[in-house]
Amino acid sequence: MTTLADGFPAAIAELSRRHRLRLSEMLPWIIAVACFFVFPEYLALGTQILISTLFALSLDLILGYGGVVTLGQAAFFGVGAYTAGILAVYGWTEPLSGLVAAGAVAGALGVVTGLILLRTEGLTLLMLTLVVAAMIGEAANKAGEWTGGADGLQGMTIAPILGLFRFDLYGRTSYLYALVVLFLAWLLVRAIVHSPFGRSLTGIRECVARMHAIGSPVLRRLVTAYAIAGALSGIAGALLAQTEQFVSLEVLSFARSGAVVIMLILGGAGRLYGAFVGVPLYMLAQDQLAEQFPIYWSTGIGLLLIAVALGARGGVLDLWDALLSRVRGHRRQ
Amino acid sequence: MDAALDSAVSIAFHGLAFAMVLYLVSVGLSITMGLMGFVNLAHGAFAAAGGYIAITLMNQADMPFPLALLIAALAGGLLGMVLERTLYSRLYGSTELNQVLFTIGLIFIATAAARWIWGPLSQPLHPPSYLQGEFDLGFRRFPAYRSFLIMAGAALVTLLWLGLERTRFGAQVRAAVDNRRMAQSVGINTSRLFTLTFALGSALAALGGAVGADILALDPDYALEHLVYFLIVVAVGGLGSIKGPFIAALALGTADIGFKYLLPQFGAFFIYAMTLAVLLWRPHGLFGRAR
């Protein structure tokens, strides 16, 4: 019996293998756990990196896979942070349900705004995402009674996780909490991008006309992805609120929306691991440069971004691929 | 009744002045985005550069105001031309994401440079004595500098419009915005056209940054802080047009001043809501065409 696969055994095998877990995919997690033991004095920065990685990972789903260029992802991050924060201030101190609530609210926002915004494309879409985030930021600024306005939201108490792990002064609990949530989110995003749904997202990114032509419900797919990405961003924001026990308006700022896009592209968008490379690279560089050169540290970051934009068109991971294939090519010869 | 009329005139007046500054800075962005499809988020950095140069020339070198403005505009144009030739042009065919990455990198460098040279505080603009104070029109007194902004802005808009409608260069720009391939086919050197329009847009932004330092405070974060407003003007007005951003700047400028004056408890909320409404109603802006 002949099947289609007979003609292209290598290609089919490659396709059927692509979702399998490779050993190298464990690398980020090994490093993250090792950092916990090796750099106990940097756990606060580490927690920030983990949270931003989750934020960038959620963005990858909609920007890297869905191809939606958004400059307003902080809307979801901020709404999640304020949801968790306000719950905690008003006596709902249990952290895990706070995360779930934040994800639900941010996801609902994703459905509502997605249904409106995702009918547009290009610059219009980019502007609409930006404007929606700016509106929510301005609303949070003016609703000081609930959000604390420009002074920030203070006075939360967060109960121990599962009633067992108290948030300690050294940030150990925070770090591990963020790490576990990030790991679960990664499993989810990984499953999504390898699913038929995820493949159809890639199809929409590559050629939306063909996806329409084969009858794929493009808007519904995009809204679903937008909502999932929004929910995960909201969870990232909630993690920040719970671990810092403070929320400022900065969580909704354009600067945060821009920074997460930059970090993701820096690592490589649409690669699942771009967030894991770009975020630590950016945040460690920023931390070190700001310490050494408090006035002109951002020059270094700027040069890094320009170099990557001009030199490695698919981010740092792209450079790595190019290097790897060159080394392999040499070996074959 | 008199008080209501008074505040209406005042809002219109300040709104107009703000609109002129917004327009001067944004029109170049609209043309370059329409021509090259380049998402230039760093456009505000050229405005900031112009502002810093003009203010330094005036405050340190005692240069007269008009000469300082001229030099600032020329410097902005030159800076734009050099950057376009060396860096921007390499990314014309690249993805939006790379353009975003590149231009935000430029903003970071510009911000650091401004903070390094001029410090973190905002730089004050001291208009020359003949533009200070108020002048009397008989029935009302108007602040002199804002009046100058409005008149200078109106003159520039007219010049730009004539330049784009009546000159050979303008015709080439319009042709390239409409259909770049066809423009190339009929022998228009689009690469040179891009450089020239980019330089012109940067020069106008530099001029806008300089004359508008009174309204849009000139501090190191200028490019990022005001970016949202510049983008709103461009997106609402429609890409590649010079009429669209003018109308959009007028609407945004007067609405912004008006809402902040009448309903300060809502801040900029209505501006964003209006932008959202316009873009949902006309996704390509008021005067943009679907492409």
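Just so you know, all these numbers are worked out from the coordinates, no wet-lab data involved. Nothing here was measured: the structure is a model prediction, and the numbers come from that model. Here Cβ is always computed from backbone atoms with ideal geometry, including for glycine, and neighbour counts include all displayed protein chains.
Pick out, in residue order, every one of the trypsin sites (Lys or Arg not before Pro) in the range A:1-102 that is DSSP loop and has at most 12 other C-beta atoms within 10 Å; say none if there are none.
Passing sites in the range A:1-102 are A:18, A:20, A:22.
Evaluate Rg over Rh across the range A:131-278, taking Cα atoms for both radii and Kirkwood's formula for Rh.
1.03
Go through the range B:182-197 residue by residue and turn each phi into a ³J(HN,Hα) via Karplus (6.51, -1.76, 1.60, θ = phi - 60°); whole Hz please, and just put x for glycine and proline.
Using θ = phi - 60°, the values come out as 5, 4, 5, 4, 8, x, 7, 7, 5, 5, 5, 4, 4, 4, 5, 5 Hz.
If packing is taken as the average number of other Cβ atoms within 10 Å across a peptide's residues, how do A:266-272, B:233-239, B:14-20 rank, most packed first?
Per-residue Cβ counts within 10 Å, averaged per peptide and sorted highest first, yield B:233-239, A:266-272, B:14-20.
Shielding of A:125-133 by partners, i.e. mean partner chain Cβ atoms within 10 Å per residue?
For peptide A:125-133, the averaged partner shielding equals 6.
Compute the Rg to Rh ratio over the range B:45-85 from the alpha carbon atoms, using the Kirkwood formula for Rh, and round to two decimal places.
1.02
Using label points projected 7 Å from each Cα along Cα→Cβ, tell me how many nm separate residue A:24 and residue A:250, to one decimal.
In this crude spin-label approximation the distance works out to 3.5 nm.
How much of the calculated P(r) for chain A lies past 37 Å, in percent of all Cα pairs?
19
Rounded, prolate or oblate, given the Cα gyration tensor of the range B:1-73, with a/c below 1.5 counting as rounded?
oblate
Using every Cα-Cα pair within the range B:183-251, state what percent have a distance larger than 16 Å.
Across the range B:183-251, Cα pairs with separations above 16 Å total 62 percent.
Please report the equivalent ellipsoid semi-axes of the range B:25-66, computed as sqrt(5 x eigenvalue) of the Cα gyration tensor, largest first, in whole Å.
29, 9, 5
Please label the shape of the range A:148-216 as rounded, prolate or oblate, based on the square roots a ≥ b ≥ c of the eigenvalues of the alpha-carbon gyration tensor (a/c under 1.5 means rounded; beyond that, a/b larger than b/c means prolate, else oblate).
It comes out prolate by the Cα gyration axes.
Rounded, prolate or oblate: pick one for the protein assembly as shown, where a ≥ b ≥ c are the square roots of the eigenvalues of its C-alpha gyration tensor, a/c under 1.5 means rounded, and failing that, prolate if a/b is larger than b/c, else oblate.
prolate
Could you tell me which chymotrypsin sites (Phe, Trp or Tyr not before Pro) in the range B:34-100 are loop residues by DSSP with no more than 15 other beta carbons within 10 angstrom of their beta carbon?
Listed in order of number, the matching sites are B:92.
Considering only A:191, A:279, A:258, whose Cα is most displaced toward the positive end of the charge dipole of the range A:185-279, charges sitting on Cβ of Lys, Arg (+1) and Asp, Glu (-1)?
Result: A:191, furthest along the dipole toward the positive end.
Just going by the charge dipole of the protein assembly as shown, with Lys and Arg at +1 and Asp and Glu at -1 on Cβ, which of B:223, B:254, A:327 is farthest out on the positive end?
A:327
Determine ³J(HN,Hα), in whole Hz, for all residues of the range A:94-100 in sequence, where each value follows from phi through the Karplus function 6.51 cos²θ - 1.76 cosθ + 1.60 and θ = phi - 60°; x replaces Gly and Pro.
Result, ordered by residue: 6, x, 5, 5, x, 4, 5 Hz.
To the nearest 20 debye, what is the magnitude of the charge dipole of chain A about its Cα centre, counting +1 on the Cβ of each Lys and Arg and -1 on the Cβ of each Asp and Glu?
In debye, rounded to 20, chain A gives about 1300.
What's the ranking of A:149-157, A:169-177 by average number of surrounding C-beta atoms within 10 Å, highest first?
Highest-to-lowest ranking by the protection proxy: A:169-177, A:149-157.
Enter the mean number of other protein chain beta carbons within 10 Å of the beta carbon of each residue in B:109-119, as an integer.
Partner-chain Cβ atoms within 10 Å, mean over residues of B:109-119: 4.
Pop out the Kirkwood hydrodynamic radius of the range A:1-101 from its pairwise C-alpha distances, inverse of mean 1/r, in Å to one decimal.
In the range A:1-101 this quantity evaluates to 17.8 Å.
Just need log10 I(q)/I(0) for the range B:2-281 at q = 0.07, 0.08, 0.17 Å⁻¹, Debye formula, equal scatterers on the alpha-carbon atoms, no solvent, rounded to two decimals.
The Cα Debye sum returns log10 ratios of -0.25, -0.33, -1.45.
Subtract the Cα-Cα distance of residue A:320 and residue A:14 from 0.36 nm times their separation in residues, and report this length gain in nm to one decimal.
Separation in residues times 0.36 nm, less the Cα-Cα distance, equals 108.1 nm.
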